[in-house]
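Comments concern the structure below.
The values are calculated or read from the model by the stated rules, or taken from the named source; none is laboratory data. Because the structure is a prediction, the values reported are computed rather than measured. Quick reminder, even Gly has a Cβ in these numbers, built from the backbone with ideal geometry, and neighbours come from all protein chains shown. Please note that ligands, DNA and RNA were not included when accessible areas were found on the heavy atoms of the full protein model with its side chains. Shrake-Rupley method; radii C 1.70, N 1.55, O 1.52, S 1.80 Å.
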Amino acid sequence: MLRITEGAATIFQEYCRNIATQIINLQTILDPEKFVIGGGISANPLLVVTIKEELEKLYLDLILNFVRADIEQSKLGNEANLLGAIYNYKQTHDLEV
């Protein structure tokens, strides 16, 4: 079993709270229905769970009623950014996508 220090747990929770804050900022500006969390760190399901918990706390503190955005882990995981970069390169250079 992996053990983490209390300090590391606090930093992780603060990290997730910061992501949740940015989700609310983006939701306010762009009004998306879903946020997909990708990258290597998203391989740990605890990340998405903690972001959802922190986001719910923020929703409860808001004066305005927000529709709860759906948060999920990317099915592509750490390869999402690589596939996006390849797709962008092919589009930029008029290659078959």
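The table that follows gives values for the structure above.
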item	result
Whole-Hz ³J(HN,Hα) from phi, Karplus 6.51 cos²θ - 1.76 cosθ + 1.60, for the range 57-67, glycine and proline x	4, 5, 4, 5, 7, 6, 6, 7, 8, 9, 6
GluC sites (Glu not before Pro), loop per DSSP, at most 10 other Cβ atoms within 10 Å - longest free stretch of the chain	34-95
Sorted peptide list for 41-50, 59-68, criterion being average Cβ within 10 angstrom, highest first	41-50, 59-68
The chain: angle of helix 6-30 to the longest principal axis, Cα-based, in degrees nearest 10	60 degrees
Calculated [θ] (222 nm, deg cm²/dmol) that DSSP helices of n ≥ 4 give over the chain, each run adding -39,500 (n - 2.57)	-19500 deg cm²/dmol
Pairwise Lys count, the chain - Cα closer than 21 Å, eight or more residues apart or different chains	4
Built amide H within the under 5 Å cut-off of I37, gap 5+	E72, Q73, S74
Label-to-label distance, nm, for residues given as K75 and N44 (7 Å Cα→Cβ offset)	2.6 nm
Per residue accessible area in Å² of the chain, where ligands, DNA and RNA are left out and the probe is 1.4 Å	77 Å²
Carbon plus sulfur fraction of accessible area for the range 1-88, probe 1.4 Å, in percent	60 percent
Rough spin-label spacing in nm, given labels placed 7 Å along Cα→Cβ, for A9 and V67	3.7 nm
